[in-house]
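Asks: Submitted below is the structure of interest, expressed as structure tokens.
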Amino acid sequence: MDAIDFRTDPSRYRHWRLECEGPVAFLTLDVDPAGSLFPGVELKLNSYDLGVDIELADAVQRLRFEHPEVRAVAIRSGKDNVFCAGANIAALARASHQHKVNFCKFTNETRLAIEDASEHSDQRYLAAIGGPAAGGGYELAAACDWLMLVDDHRSAVSLPELPLLAVLPGTGGLTRLTDKRKVRRDRADLFCATEEGARGRRAVEWRLVDECVPPSSWDAKVRERALALAATSDRPAEAQGIALPPLERKIGDDAIAYPHLRVALDRGRRLATVTVTGPTQAPDAAEIYRQGATFWPLAVARELDDAILHLRFNEAELGIIVLRSEGDPAAVLVADALLDERADDWLVREIRLYWKRVLKRLDMTARSLFTLIEPGSCFAGTLAELCFAADRTLMFAGTRAGDNRPAAILTLSALNFGAYPMGNGLSRLETRFLGEPESLQRARQIIGVSLPAEDAAELGLVTAAYDEVDWDEEIRLMLEERASFSPDALTGLEANLRGAGPETMETRIFGRLSAWQNWIFQRANAAGPEGALKLYGTGRRPKFDPERV
Amino acid sequence: MSDSATVDYDGLIPNNVGLNADPRLRRALESWHPGYLDWWRARGPDGFQDSLVYLRTAIGVDSDGWAKFGYVRMPDYRWGILLAPQVEGRTIPFGAHKGEKAWQEVPGEYRALLRRLVVVQGDTEPASVEQQRLLGATAPSLYDLRNLFQVNVEEARHLWAMVYLLQKYFGRDGREEAEELLRRRSGDRDSPRLLGAFNEATPDWLSFFMFTFFTDRDGKMQLQALAQSGFDPLSRTCRFMLTEEAHHMFVGQTGIGRIVERSCAAMREAGLSDPTDIERVRALGVIDLPTIQKKANLHFALTLDLFGGEISTNAANVFNAGLKGRYREDKIADDHVLTGATYAVVRLRDGRIVTEEVPALSALNMRLRDDFAAEAAAGVERWNAIIARAGIAYRLRLPHVAFNRRIGEFAGIEADPDGNLLSAEEWQRRRDEFLPSAADDAFVASLMRPVTEPGKFAPWIAPPRTGIDGKPGDFEYVRLAG
């Protein structure tokens, strides 16, 4: 498969159409059957692969930034007799295990982004289910605020994964049934074991959808519901959106360069080093709208997001990501102050929420994350989150002989205390200090203070501080040791340790996906030569190992 | 259980399935019955409910017992539940369970698949009755009127057959589905019938004959495939339904044949040699052959859509599971398992129509469709023989499978009846060359005037060669009420 590119825009969509009509946008799924990322796979019945979902993620993102006037988004199908048949099974069967897992992760992030848009950006989502919605198709709908199902006596919603494919719904379907839609567990059990799902009155009675609408009043009702959802939003009708032009990116054999970020690829050491550059000049409040996508906090968020996705999908063997920064911490803090003071501005709100999602994407990335705070770095405020997202953070104490860059400092801003909650609903610092609330208190008191390595270590904000004598050797040993461990065990270890604190629907979705789905995907009952996933489409029956584990 | 070959006429519902000994099923059917009669009155033939119709009723399932003729008012027709006799020791003839004992009860693992098969088949039966409900008002003769009603009551009995399976074998879900079969309505926007062709209008008798020729033939193919089922009650039900379905085919084959015959005769009488001189042919009060061709194009394409996608996981599943076989599975000489076999499928590849070998299991819809097309082509040749005998230089033919499709490989493209791909604009421009235009429909509609005198026929259709049940030409097949 060619390298997967996450950069797209509506003029290049093959599978979606985005149409805005005042406060309402219609996002129409009309999958091009010949447009699969996998050669020879036919995307029948509005089934999707990663390529389809990349466009969806792009549309959801653009709606937030480019269309402040859009208050409600109606997701509908452009095909007559189907809403969406879910993830394409032939594509899944052909994909490697790591692609499948990354695909599920990405689609989950996109559905959570839909829920985030509704909850925090007041951009509500309506699922206009005008035909059968199976598996991932129903799960996509379940991410929306309001589900309307056409009552034509034949269209059903269903989660047929278990009876049909011997796997589980992969995009939070089970969790949203019980936790979000609060479907009774026995009914959920029946629903998930019934291939054809539920339609009409039963679907409403079981809370699988919010309403059923006859075809004759369908179009009018979709519009009416979309407008009603729009009325619950505070998005500014008169604001001008900002364009998100294509990211500038150069990919070489061992380096990827963006305007504010570069990635060095060291395949020998299975290492990707991501270096973020701070703002070249202190951002100015008056300039936010004029700069738009080049406004430093937004530009860096986009580049970091793209880099993470690129590494996840296209560089599976680079098991370690080292995070670095270069620049003036004071300038980063000016940007943070802007994001803090103008939090009520719709665009600033979007930028903050985007950073939240990018950082969560990092949290969910199955690579060892090490942040190195070195002389000349600018880990302050928002960028300091990269220190708290990492599995370990090492800080350089003092300076190197002959190096005239300033000593490494770490600075907190107000944004480190709640602007960027993790999936568990807590800030990274809160999660870090779950067992020592006094450390969180102390951290609050040093907002804006430039902390040298010794202080940062003392405050528990970094893992360790090393001076010139030890630094190179300690870092080398740490990276070499890490690269020698089992990649699988590391993925599990890191996910466990990063996921401290309370459970939320989001943590449950990812936790259960990793624990159950990824296990089932590996088992012979699904993926073996006689497994359901492998045999799907051939008509042949899977052979199950009867042993319950 | 009573002897399955004997029909019990004592109860409300004639049957050979021992209904009296099965109070649960009897209760279910008896509670469904009033709703069924309401449906028949509201959605069955319009305006002839009190007429006496010379109908065939099944009184037994053996070869000489299933066709008893007599006058009956349609609402009093003895719809019932009749299964072909059980074959001792029958085994599952194909798929992964080949050679195992045929199922007498629904296997749990296939409950959903089987129910779906029965519901889809069941939904088509009342649909065609609904589609044809207004045709009685314009019947070209009492003979044809009677044939229409015979088709209608038998389609309705086929509904009974499917309802029996749902209620007997599928529990509460089955009972709900049985109710839904009465609730959906052909062509209704809010609760349409499940399959596209069964929501199309049947506006005139030419359409009716085309429907019985093409679409009822799809029904026959599906029943033939289901008659092979390893689920024995389904197999037995469908085997008996097939004896009735043959008559529907006969109505379509001879109906179009008689129209063709009359058109050719009229042209000859008037000395017209050019069958494409539509205006002059129509002036004779008969239907021109090019319009018949266009109607055939329409109905053939609509019917092909009923076979589903050329490559179908579902078709593979139901075959492998032993639930639905191929047409005449028992006559095919292969392993009946098909896991290693391939089948040639016509596909669209990079804008071209090509033939590809694909795994035979996933190509079963295509195979059934090919069997259908071969049979339909043979029927068309019988019409061509009539044209040839009249000395007219014209041939009717089936359009290419890519023509005017809404389902499957060719749903996204346009093609002419020869299979040449057309742009959307060209299709729009030339559509009326291939399919009946509004003017064609209006002309056919203008001919639709009822003829109710015994022995007389509308001027656009020839009389049949022989009567039903050996009756003479002037037999009063329908005694119209008051």
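Asks: Which condition number does residue A:291 fail, the rest of (1) in a helix (DSSP H, G or I); (2) within 26 Å of residue A:320 (Cα to Cα) being met?
Replies: Against the list (1) in a helix (DSSP H, G or I); (2) within 26 Å of residue A:320 (Cα to Cα), residue A:291 comes up short only on (2).
Asks: Further question on the same structure: Restricting attention to region B:429-436, does a residue exist that is assigned to a helix (DSSP H, G or I), on the phi < 0 side of the Ramachandran plot, away from every other protein chain (no Cβ under 14 Å) and aromatic (Phe, Trp, Tyr)? Quick ask: steps written out before the conclusion?
Replies: As a first pass, look at region B:429-436 and keep what is assigned to a helix (DSSP H, G or I): B:429-434.
Pick out the ones that are also on the phi < 0 side of the Ramachandran plot and you get B:429-434.
With the extra rule that they be away from every other protein chain (no Cβ under 14 Å), the set shrinks to B:429-434.
Now restrict to residues that are aromatic (Phe, Trp, Tyr): B:434.
Among the residues of region B:429-436, at least one is assigned to a helix (DSSP H, G or I), on the phi < 0 side of the Ramachandran plot, away from every other protein chain (no Cβ under 14 Å) and aromatic (Phe, Trp, Tyr), which makes the answer yes.
Asks: Can you tell which of B:268, B:328, B:262 is surrounded by fewer than 20 Cβ atoms within 10 Å (Cβ to Cβ) and over 18 Å from residue B:366 (Cα atoms)?
Replies: B:268
Asks: Take the residues in region B:169-207 that are closer than 30 Å to residue B:462 by Cβ and in a helix (DSSP H, G or I); name whichever of them is farthest from the other protein chains (Cβ to nearest Cβ).
Replies: By that ranking, first place goes to B:205.
Asks: From the list A:333, A:271, A:323, which one is over 17 Å from residue A:368 (Cβ atoms), hydrophobic (A, V, I, L, M, F, W, C) and touching a residue at least 60 places away in the same chain (Cβ under 8 Å)?
Replies: Numbers: A:271 fails: over 17 Å from residue A:368 (Cβ atoms); A:323 fails: over 17 Å from residue A:368 (Cβ atoms).
It is A:333.
Asks: I would also like to ask the following. If I filter region B:111-125 down to residues being closer than 17 Å to residue A:153 by Cα and of a type in the set (Lys, Arg), which single residue comes out as nearest to the other protein chains (Cβ to nearest Cβ)?
Replies: B:116
Asks: So which residues in region A:110-164 are within 14 Å of chain B (Cβ to nearest Cβ) and either within 25 Å of residue A:306 (Cα to Cα) or of a type in the set (A, V, I, L, M, F, W, C) (or both), if there are any at all?
Replies: Those that are within 14 Å of chain B (Cβ to nearest Cβ) and either within 25 Å of residue A:306 (Cα to Cα) or of a type in the set (A, V, I, L, M, F, W, C) (or both): A:134, A:149, A:150, A:156, A:159, A:162, A:164.
Asks: Going by the structure shown, is residue A:224 among the acidic types (Asp, Glu), in a loop (DSSP other than H, G, I, E, B) and not assigned by TED's automatic domain parsing to the domain that holds residue A:323?
Replies: Numbers: among the acidic types (Asp, Glu): yes; in a loop (DSSP other than H, G, I, E, B): no; not assigned by TED's automatic domain parsing to the domain that holds residue A:323: yes.
No; evaluated as a whole, the condition is false for this residue.
Asks: When you look at residue B:253, is it under 21 Å from residue B:396 (Cβ atoms) and touching a Gly at 6+ places or on another chain (Cβ under 7 Å), yes or no?
Replies: So residue B:253 fits the description; yes.
Asks: Test of understanding: among A:31, A:60, which residue is under 23 Å from residue A:222 (Cβ atoms), at pLDDT 95 or above, of a type in the set (A, V, I, L, M, F, W, C) and part of a loop (DSSP other than H, G, I, E, B)? Steps first, answer last, please.
Replies: On the way: A:60 fails: part of a loop (DSSP other than H, G, I, E, B).
Exactly one residue qualifies, and that residue is A:31.
One line per residue, one yes/no per condition, for (1) closer than 29 Å to residue B:67 by Cβ; (2) surrounded by fewer than 24 Cβ atoms within 10 Å (Cβ to Cβ); (3) at pLDDT 90 or above:
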residue: B:185; (1), (2), (3): no, yes, yes
residue: B:203; (1), (2), (3): no, yes, yes
residue: B:215; (1), (2), (3): yes, no, yes
residue: B:218; (1), (2), (3): yes, yes, yes
residue: B:229; (1), (2), (3): yes, no, yes
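Asks: Still on this model: Name the pairs whose Cβ atoms lie under 6 Å apart, with the first residue in region A:451-480 and free of Cβ contacts under 8 Å to residues at least 60 places away in the same chain, the second polar (S, T, N, Q), and 6 or more positions between them or separate chains?
Replies: So the pair list comes out as A:460/A:439.
Asks: Same structure, new question: Of the residues A:512, A:482, A:498, A:508, which is more than 21 Å from the chain's Cα centre (by Cα) and of a type in the set (Lys, Arg)?
Replies: After ruling out the rest, the residue left standing is A:482.
Asks: Can you pull out every residue in region A:90-107 that is under 23 Å from residue A:156 (Cα atoms) and buried (at least 22 other Cβ atoms within 10 Å of the Cβ)? Explain how you work it out, then say what you get.
Replies: To start, the set of residues in region A:90-107 that are under 23 Å from residue A:156 (Cα atoms) comprises A:90, A:107.
Selection gives A:107 alone.
Asks: Ok, one more. Within region A:474-481, is there a residue that is away from chain B (no Cβ under 14 Å), surrounded by 17 or more Cβ atoms within 10 Å (Cβ to Cβ) and of a type in the set (Asp, Glu)?
Replies: Of all residues in region A:474-481, those away from chain B (no Cβ under 14 Å) come to A:474-481.
If we keep only those that are surrounded by 17 or more Cβ atoms within 10 Å (Cβ to Cβ) too, we end up with A:475, A:478-479.
Retained after the next criterion (residues that are of a type in the set (Asp, Glu)): none.
No - not one qualifying residue is present in region A:474-481.
Asks: Would you please name the residue that is surrounded by the fewest Cβ atoms within 10 Å (Cβ to Cβ), looking only at residues in region B:413-428 that are outside any helix (DSSP H, G or I) and in contact with a strand residue (DSSP E or B) (Cβ under 8 Å, 6 or more places away or on another chain)? Talk me through it step by step, then tell me what you get.
Replies: From region B:413-428, those outside any helix (DSSP H, G or I) are B:413-423; that's our starting set.
Checking the rest, the ones that are also in contact with a strand residue (DSSP E or B) (Cβ under 8 Å, 6 or more places away or on another chain) come to B:413-416, B:419, B:421-423.
Details: B:413: 16, B:414: 21, B:415: 21, B:416: 20, B:419: 14, B:421: 16, B:422: 17, B:423: 10.
In this case the residue turns out to be B:423.
Asks: Ok, one more. Could you list, in sequence order, all residues of region A:157-200 that are touching a residue at least 12 places away in the same chain (Cβ under 8 Å), of a type in the set (Lys, Arg) and part of a helix (DSSP H, G or I)?
Replies: Taking region A:157-200 as the starting set, the residues that turn out to be touching a residue at least 12 places away in the same chain (Cβ under 8 Å) are A:157-177, A:179-184, A:187-188, A:191-200.
Now narrow it down to the ones that are of a type in the set (Lys, Arg): A:176, A:180-182, A:184, A:187, A:199.
The answer is A:176, A:180, A:187.
Asks: Can you find a residue in region B:75-92 that is within 14 Å of another protein chain (Cβ to nearest Cβ), surrounded by fewer than 23 Cβ atoms within 10 Å (Cβ to Cβ) and in contact (Cβ under 8 Å) with a residue 60 or more places away in the chain? Before the answer, list the steps.
Replies: Kept after step one, since they are within 14 Å of another protein chain (Cβ to nearest Cβ), are these residues of region B:75-92: B:92.
Retained after the next criterion (residues that are surrounded by fewer than 23 Cβ atoms within 10 Å (Cβ to Cβ)): none.
Checked against the condition, which is being within 14 Å of another protein chain (Cβ to nearest Cβ), surrounded by fewer than 23 Cβ atoms within 10 Å (Cβ to Cβ) and in contact (Cβ under 8 Å) with a residue 60 or more places away in the chain, region B:75-92 yields no hits at all.
Asks: Next up: I'd like the full set of residues that are within 12 Å of chain A (Cβ to nearest Cβ), among the hydrophobic types (A, V, I, L, M, F, W, C) and over 21 Å from the mean Cα position of the chain (by Cα), limited to region B:306-349.
Replies: Across region B:306-349, the qualifying residues are B:311, B:316, B:318, B:319, B:321, B:337, B:338, B:341, B:348.
Asks: How about region B:350-366: which of its residues are assigned to a helix (DSSP H, G or I), out of contact with any Leu (no Cβ under 6 Å at 6 or more places or on another chain) and within 13 Å of chain A (Cβ to nearest Cβ)?
Replies: Pass one, region B:350-366, residues assigned to a helix (DSSP H, G or I): B:360-366.
Subset that is out of contact with any Leu (no Cβ under 6 Å at 6 or more places or on another chain): B:362-366.
B:362, B:363, B:364, B:365 - these are the residues of region B:350-366 that are assigned to a helix (DSSP H, G or I), out of contact with any Leu (no Cβ under 6 Å at 6 or more places or on another chain) and within 13 Å of chain A (Cβ to nearest Cβ).
Asks: Of the residues in region A:290-306, how many are in contact with a strand residue (DSSP E or B) (Cβ under 7 Å, 6 or more places away or on another chain) and either charged (D, E, K, R) or not assigned by TED's automatic domain parsing to the domain that holds residue A:355 (or both)? Let's see the steps before the verdict.
Replies: Of the residues in region A:290-306, the ones in contact with a strand residue (DSSP E or B) (Cβ under 7 Å, 6 or more places away or on another chain) are A:300, A:303-304.
Imposing the further condition that a residue be either charged (D, E, K, R) or not assigned by TED's automatic domain parsing to the domain that holds residue A:355 (or both) reduces the set to A:303.
Residues that pass the stated criteria total 1.
Asks: What is the residue count in region A:190-228 for residues that are more than 14 Å from every other protein chain (Cβ to nearest Cβ) and among the aromatic types (Phe, Trp, Tyr)? Walk me through how you get there before you give the answer.
Replies: Going through region A:190-228, the residues more than 14 Å from every other protein chain (Cβ to nearest Cβ) turn out to be A:204, A:206-211, A:222-228.
In the following step, the residues that additionally are among the aromatic types (Phe, Trp, Tyr) were identified as A:206.
Count: 1.
Asks: Can I ask one more? When the residues of region A:511-549 are narrowed to those that are more than 13 Å from chain B (Cβ to nearest Cβ) and aromatic (Phe, Trp, Tyr), which ends up farthest from residue A:498 (Cα to Cα)?
Replies: Here the residue is A:521.
Asks: Got a sec? Which of B:267, B:241 is touching a His at 6+ places or on another chain (Cβ under 7 Å) and touching a residue at least 24 places away in the same chain (Cβ under 8 Å)?
Replies: Details: B:267 fails: touching a His at 6+ places or on another chain (Cβ under 7 Å).
Going through B:267, B:241 in turn, the sole match is B:241.
Asks: Next up: When you go through (1) within 14 Å of chain A (Cβ to nearest Cβ); (2) over 28 Å from residue A:82 (Cβ atoms) one by one for residue B:220, which number turns out not to apply?
Replies: Every condition holds for residue B:220 apart from (1).
Asks: Got a number for residues in region A:201-215 being surrounded by 13 or more Cβ atoms within 10 Å (Cβ to Cβ) and either not assigned by TED's automatic domain parsing to the domain that holds residue A:142 or not in a loop (DSSP other than H, G, I, E, B) (or both)? Even if it seems obvious, please write down each step before you answer.
Replies: So in region A:201-215, the residues surrounded by 13 or more Cβ atoms within 10 Å (Cβ to Cβ) come out as A:202-204, A:206-215.
With either not assigned by TED's automatic domain parsing to the domain that holds residue A:142 or not in a loop (DSSP other than H, G, I, E, B) (or both) added as a condition, the list becomes A:202-204, A:211-213, A:215.
Of the residues in that region, 7 qualify.
The values are calculated or read from the model by the stated rules, or taken from the named source; none is laboratory data. None of the values given here were measured: they were computed from a predicted structure. Ideal geometry is used to build each Cβ from the backbone, glycine not excepted, and the neighbour counts take in all protein chains shown.
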